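Inspection log for the structure reproduced underneath, given as structure tokens.
Just so it is clear, none of the values below were taken in a lab; they were calculated from the coordinates. Just so we're clear, the structure is a prediction, and the values are computed from it rather than from any experiment. Don't worry about glycine lacking a Cβ; one is built from the backbone with ideal geometry, like all the others, and counts go over all protein chains shown.
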Ligand code: RIB
Ligand code: CA
């Protein structure tokens, strides 16, 4: 039985791999892709999502979301993802059309009408989901789980304190964390364990499929930028880990803890404060991932890119 999922993302090189996994693996019933700004402006991330769905021949509707964060001014990650947001890949002429419905309305309507609880995978800033929850609080009752790539209980990747997705829209992240449904946080603490090393690129390149070619072309640029900025041997595979977890929850080890977002406007603005030792004895609200089975993760990615499941 496949799991009904909405993927909310800001493609983005690693979002693209999350779209591959969620769109191609039979364990996931991808109901729709909703797009946020983040890695690039909304027009560019939306075009990227459409191009990816078209390239992968996915029968998945794409919805354009909210242009800017709730409060903070938009910041983008063009240093990592480039001018297009998906530098390194040239797509054929785009014919796959965008849905007329707004992403927030799609999230609300789907959660109100789907016959079983829906899982939300968020791999960008949480603006769309936060607004949906504010406009229609009743939808929380039909959310199975929110799994989000964001935050860190360790150091950030934009400031020492904050990770990009959360820092772009901290207020939206706090709205989601305040909700009663299950939340699983896939932060930098685990994503930095799964690097796209040259050996990984070589393994995927040997597959010679449409999906593996896209992966290799994307990762060449992604890795160069990650190496230049962070000195990493390969880019962290941030976003796809959320989908791999939905396909095989055993891939992650998590701790249940109280998490909150620093909304003060000091140096730690946008930090995810995860009380892993329960110092404050506050109500726990988030499953915080701290370990990933890296071998199992890459085996899963390889199977999907190879066209086998
Ligand atoms: O900090 C990494 C996250 O920010 C990833 O989701 C990446 O795609 C960017 O959105
Ligand atoms: Ca992303």
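Fewest Cβ neighbours within 10 Å first, please rank 233, 66 accordingly. Kindly include the intermediate steps, with their values, before the conclusion.
Working: 233 13, 66 22.
Going from least to most buried by this count: 233, 66.
Sort 297, 230, 215 by Cβ crowding within 10 Å, fewest neighbours at the top. Intermediate values should be presented prior to the final figure.
Values: 297 21, 230 13, 215 27.
Placing the least packed residue first, the sequence is 230, 297, 215.
Take every Cα pair under 8 Å in the chain that's 6+ residues apart, average their separations, divide by the length, and report that relative contact order as a whole percent. It would help to have the intermediate numbers written out before the result.
Numbers: 699 pairs, mean separation 59.7, N = 309.
It comes to 19 percent, rounded to a whole number.
Using the count of nearby Cβ atoms within 10 Å as a rough guide to exposure, how do 175, 122 rank from fewest to most? All intermediate terms of the calculation are to be shown ahead of the outcome.
Values: 175 20, 122 30.
Going from sparsest to densest Cβ surroundings: 175, 122.
How high is the relative contact order of the range 234-309, given as a whole-number percent (alpha carbon pairs under 8 Å, six or more residues apart)? Intermediate results must be reported in sequence, preceding the final value.
Values: 82 pairs, mean separation 24.8, N = 76.
Relative contact order here is 33 percent.
How many nm separate the modelled label positions at residue 97 and residue 112, each set 7 Å beyond the Cα in the direction of the Cβ?
Output for this residue pair reads 2.4 nm.
Once R0 is set to 45 Å, what does the formula 1/(1 + (r/R0)^6) return for the Cβ-Cβ distance between residue 68 and residue 281, expressed as a FRET efficiency to the nearest 0.05? All intermediate terms of the calculation are to be shown ahead of the outcome.
Numbers: r = 37 Å, r/R0 = 0.82.
Taking R0 as 45 Å, the efficiency between residue 68 and residue 281 is 0.75.
For the residue pair residue 268 and residue 105, what label-to-label distance in nm results when each label sits 7 Å from Cα along the Cα-to-beta-carbon direction?
4.2
Summing -39500 (n - 2.57) over the DSSP H runs of n ≥ 4 in the chain and dividing by its residue number, what mean residue ellipticity at 222 nm do you reach, to the nearest 500 deg cm²/dmol?
On the way: 12 runs with 116 residues, N = 309.
Rounded to the nearest 500, it is -11000 deg cm²/dmol.
Calculate the spin-label point distance for residue 138 paired with residue 206, positioning each point 7 Å from the Cα along the beta-carbon direction, and give it in nanometres.
5.5
Taking 0.36 nm per intervening residue step and subtracting the Cα-Cα distance, what contour gain separates residue 229 from residue 213 on full extension?
Taking residue 229 through residue 213 to full extension adds about 3.3 nm, to one decimal.
With a 10 Å cut-off between alpha carbons and a GNM built on the chain, which of 100, 87, 275 moves the most?
Maximum fluctuation in the GNM of the chain, among the listed residues, is at 100.
In percent, how large is the relative contact order of the range 44-146, given Cα pairs closer than 8 Å and 6 or more residues apart? Please report the intermediate quantities before stating the final value.
Numbers: 96 pairs, mean separation 31.5, N = 103.
Answer for the range 44-146 is 31 percent.
Please compute, for the alpha-carbon atoms of the chain, the extent along each of the three principal axes and give them in descending order in Å.
52, 43, 38
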